[in-house]
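Below: one structure, written as structure tokens.
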Amino acid sequence: MVVSGFIKDTFAASRLVKFSTDSRFINVDYSHHILLHIENPNGFTWNAVMRAHLACGSSREGEEIHTHVLKLGFGSDVFVLNTMINMYFVCGEMGNARKLFEEGAVLDSVSWNSILAGYVQMGDVEEATLIFKRMEEKNLIASNSMIALLGKAGRVGNACKLFDEMLVRDVVSWTAMVSCYEQNEMFEEALVMFSRMNGEGVSVDEVVLVSVISACSNLLAVREGKLIHGICIRNGIESYVNLHNALIHMYSSCREINESRKLFDSGQLLDQISWNSMISGYMKCGSIEEARKLFDSMPERDVVSWSAMISGYAQHDRFVETLELFNEMQRGEVRPDETTLVSVVSACAHLVALDQGKWTHAYIKKNNFEINSVLGTTLIDMYMKCGCVENALEVFYGMKERGVSSWNAIIVGLAVNGLVEESLEKFSEMSNHGVAPNEITFMGVEPNVKHYGCMVDLLGRAGLLEEAEELIGTMPMAPDVATWGALLGACKKHGDTKMGERVGRTLIELQPDHDGFHVLLSNIYASKGMWEDVIEVRGIMRHQGVMKTPGCSLIEADGVVHEFLAGDTAHPLMKDIDRMLDEVAVRLKMHGYAPATNEVSLDIDEEEKETSLYRHSEKLAIAFGIISIKPPTPIRIMKNLRICEDCHAAAKAISKVFEREIVVRDRHRFHHFRHGSCSCKDYW
DNA sequence: ATAGGGTTAG
């Protein structure tokens, strides 16, 4: 369209500008061109021009026009003002937008909504909330956008409250709530919200349907999915392509891949996402060959199509095909991206294909791919599985951002490669970096609350009491008695009365009938001369009828199981055992081992301490073992509790001096003592 | 005329 001469009709000119911005041929220059030919541009015109700048995101030229607008006196046109606010925040200049807003002589509800929308789009909850609070009239649009913002910020409670307080709600308000739940992985609540919405007779649209179908996919709720599919059909919007794709995805997530295929075959409107969804659907359902057929027949393959196939092969342990397809991909036009490479590196890790792995790493570096948290973690895993600790560390140190998985990969990898100390070092480094460990951090096998217990114990023994307590605070499950017990023991050992008291009281609450914790707490008080507290704890014990159960060890000799209790003298061979204990003491002393007289026993009363030091059940059992179990059979002792520290020292000494192998099994693991050392160095 | 909600593929 050519504009010649001046346009007298301002309205027509403005429409022309608007056309240039609304049409697909957004063109700032063209709108300027028209502007030059307009005799009397009005607010409408300037607004249209501002919109052109808004659409192009060119704030510098926008500012020029802004100045011009002010000069001509259109600064007080509220439409122009609002569009300028909008333009500035689209260009990321909230400062300018805010300045306009605060200085604006005429503000209407749209101005308020616009400035609010700016902060909402930036995700700035604090500023948005301030603006929202300042609004005299909390209109529908502002409330809706606040709900969406709160949802994205994870503040579900605040979003609900706002929603409940609204006097008028429309489909957008409900959609904001549905998606608020969804984004916070509260999928059931999202469905409930949708059915409440239906109950109130609010008419649905494709936006809310797409959102709620996604909730069904996540819940694998195919029954509800089908109901919603029916709603789509009744509303005549089932062929809306996004909705169509969401349904295809929903059915394949629920393993009804044939339903997906029906939709796929019936769809007049298929896009790239439809094809890719179908392929990944087949992969998810294990129909690898069907996925391949579809892939081979695709009119156009993008990086997602390739990645879907490559990662599908990797997820089904078809690693050779993973690498083959990746090689085929490189012969074509489509470039892989970070996600593709994760699958490839992961396949290398499983195949322990170090050469291909190294090649892929080099490829990543050469092509300047960003080694993000996921890709870096996969590389670390690959190198660790191949035993290349140095390469893994190099990747680790080169990473900009490290998630908890990255730390896990390095901690577990080091441990698996036998570098236990380095692994533990990384563990404490992880805490220093403010990354909370998860279950996997505590080894690749059977991660559970016990691993926390071990780690708390380990940290506690090293005197890192605060770290140990912090670790308990980050546990994803409720800390059990053993975990708190480990920390209490550490408090006792390192003389932290304050923490010990806190932990001891927690424990007593948790398990009021446990004898050991009462005694331990009372011992902690006793060691600090806090006699009144000692008396109180002893009083609680008496009051609750808590009896101290003695420690117990079992040992088998000639097919007979012998039981020893701490302080127990009932065994028929007790005289021999006593004699042997004396001999043990003498021989140990001869070899320079000091008798453990200054060790305070953890589970024995103060007054019993003197007499029972050598009557710990394990020590009795060891003495008995030396008498009854002929070498070279190891002396095998079973403890139903954790073996205590002075016993451990004794076992080490005895294994050396008496040249006997001793195996103690507590409820966590086996402890082997040979030639004066223990197998589990990491533990003690 | 200007302001609000969403999702689907690796």
Point to revise | Breaking point among (1) over 24 Å from A:Q121 (Cα atoms); (2) among the hydroxyl-bearing types (S, T, Y); (3) modelled with pLDDT of 70 or more, for A:S109 | key: (1)
Exercise for review: Can you confirm whether region A:227-236 contains a residue that is within 10 Å of DNA strand B (Cβ to nearest atom), of a type in the set (S, T, N, Q) and open to solvent by 40 Å² or more (accessible area, probe 1.4 Å)?
Suggested key: no
Check your understanding: Within region A:172-188, can one find any residue that is within 14 Å of DNA strand B (Cβ to nearest atom) and over 25 Å from A:V120 (Cβ atoms)?
Key -> no
Revision key, fill the gap. Expected output for region A:265-279 (first residue under 12 Å from A:D302 (Cα atoms) and in a helix (DSSP H, G or I), partner near DNA strand B (Cβ under 8 Å from one of its atoms) and of a type in the set (V, I, T), Cβ below 7 Å, 6+ apart or cross-chain) is A:N276/A:V304
Check your understanding: Within the set of pairs 6+ apart or on separate chains, which have a first residue in region A:60-75 that is at pLDDT 75 or above, a second that is open to solvent by 80 Å² or more (accessible area, probe 1.4 Å), and C-beta atoms under 7 Å apart?
Key -> none
Check your understanding: more than 14 Å from DNA strand B (Cβ to nearest atom) and part of a helix (DSSP H, G or I) - does that describe any residue in region A:306-318?
Key -> no
Review point. Since A:V561 meets every condition but one in (1) under 24 Å from A:W484 (Cα atoms); (2) at pLDDT below 75; (3) open to solvent by 50 Å² or more (accessible area, probe 1.4 Å), which condition does it not meet?
Key: (1)
Check your understanding: Mind checking whether some residue in region A:212-222 is near DNA strand B (Cβ under 8 Å from one of its atoms) and among the β-branched types (V, I, T)?
Key -> yes
Review point. Does A:M193 fit the bill of being more than 10 Å from DNA strand B (Cβ to nearest atom) and surrounded by fewer than 23 Cβ atoms within 10 Å (Cβ to Cβ)?
Key: no
Revision key, fill the gap. When region A:417-430 is checked residue by residue, the ones that are more than 22 Å from A:G489 (Cα to Cα), outside any loop (DSSP other than H, G, I, E, B) and at pLDDT 80 or above are A:E421, A:E422, A:S423, A:E425, A:K426, A:E429, A:M430
**Study point:** Those helices (runs of 4 or more DSSP H) lying entirely in region A:444-502 with at least 2 residues at pLDDT 80 or above and more than 20 Å from the chain's Cα centre (by Cα)
**Key:** A:465-473, A:481-494
**Study point:** Whichever residue in region A:336-362 is open to solvent by less than 10 Å² (accessible area, probe 1.4 Å) and farther than 20 Å from A:V303 by Cβ and, among such residues, is farthest from the chain's Cα centre (by Cα)
**Key:** A:G357
**Study point:** In region A:290-305, residue nearest to DNA strand B (Cβ to nearest atom) [restricted to those that are assigned to a helix (DSSP H, G or I) and open to solvent by 50 Å² or more (accessible area, probe 1.4 Å)]
**Key:** A:V304
Study note, to complete from the structure: Of the residues in region A:237-261 that are open to solvent by 80 Å² or more (accessible area, probe 1.4 Å) and modelled with pLDDT of 95 or more, the one that is farthest from A:R292 (Cα to Cα) is A:R255
Practice item. From (1) at pLDDT 70 or above; (2) part of a helix (DSSP H, G or I), pick out the condition that doesn't hold for A:P41. Key: (2)
Check your understanding: Which one of the conditions (1) open to solvent by 50 Å² or more (accessible area, probe 1.4 Å); (2) over 31 Å from the mean Cα position of the chain (by Cα); (3) over 23 Å from A:M94 (Cβ atoms) does A:V202 fail to meet, given that it meets all the rest?
Key -> (1)
Check your understanding: Looking at A:E321, A:E333, A:E328, which one is surrounded by 17 or more Cβ atoms within 10 Å (Cβ to Cβ) and either more than 27 Å from the chain's Cα centre (by Cα) or over 24 Å from A:L220 (Cα atoms) (or both)?
Key -> A:E321
Review point. Which residue pairs have Cβ atoms under 9 Å apart, sit 6 or more places apart or on different chains, and have a first residue in region A:170-189 that is closer than 12 Å to A:L140 by Cα and a second that is of a type in the set (K, R)?
Key: A:W174/A:R196
Exercise for review: Consider only pairs whose beta carbons are under 7 Å apart and that are at least six residues apart or on different chains; among these, list those whose first residue lies in region A:236-248 and is at negative phi and whose second residue is more than 9 Å from DNA strand B (Cβ to nearest atom) and modelled with pLDDT of 90 or more.
Suggested key: A:E238/A:C232; A:L243/A:C232; A:H244/A:L263; A:L247/A:H229; A:L247/A:L263; A:I248/A:S260; A:I248/A:L263; A:I248/A:F264
**Study point:** Checking A:S287 against (1) surrounded by 14 or more Cβ atoms within 10 Å (Cβ to Cβ); (2) touching a residue at least 24 places away in the same chain (Cβ under 8 Å); (3) within 12 Å of DNA strand B (Cβ to nearest atom), the condition it does not meet
**Key:** (3)
Practice item. Go through region A:456-483 and count every residue that is of a type outside the set (A, V, I, L, M) and either open to solvent by less than 20 Å² (accessible area, probe 1.4 Å) or under 20 Å from A:V534 (Cβ atoms) (or both). Key: 3
Revision key, fill the gap. Over region A:87-97, the set of residues within 17 Å of A:E127 (Cα to Cα) and either touching a residue at least 40 places away in the same chain (Cβ under 8 Å) or surrounded by fewer than 21 Cβ atoms within 10 Å (Cβ to Cβ) (or both) is A:V90, A:G92, A:E93, A:M94, A:G95, A:N96
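The values are calculated or read from the model by the stated rules, or taken from the named source; none is laboratory data. A quick note: this is a predicted structure, and the numbers were derived from the prediction, not measured. Positions of Cβ are generated from backbone atoms using ideal geometry, with glycine treated the same way; all protein chains shown enter the neighbour counts. Remember, those area values only see protein heavy atoms, side chains included, never the ligands or the DNA or RNA. Shrake-Rupley method; radii C 1.70, N 1.55, O 1.52, S 1.80 Å.
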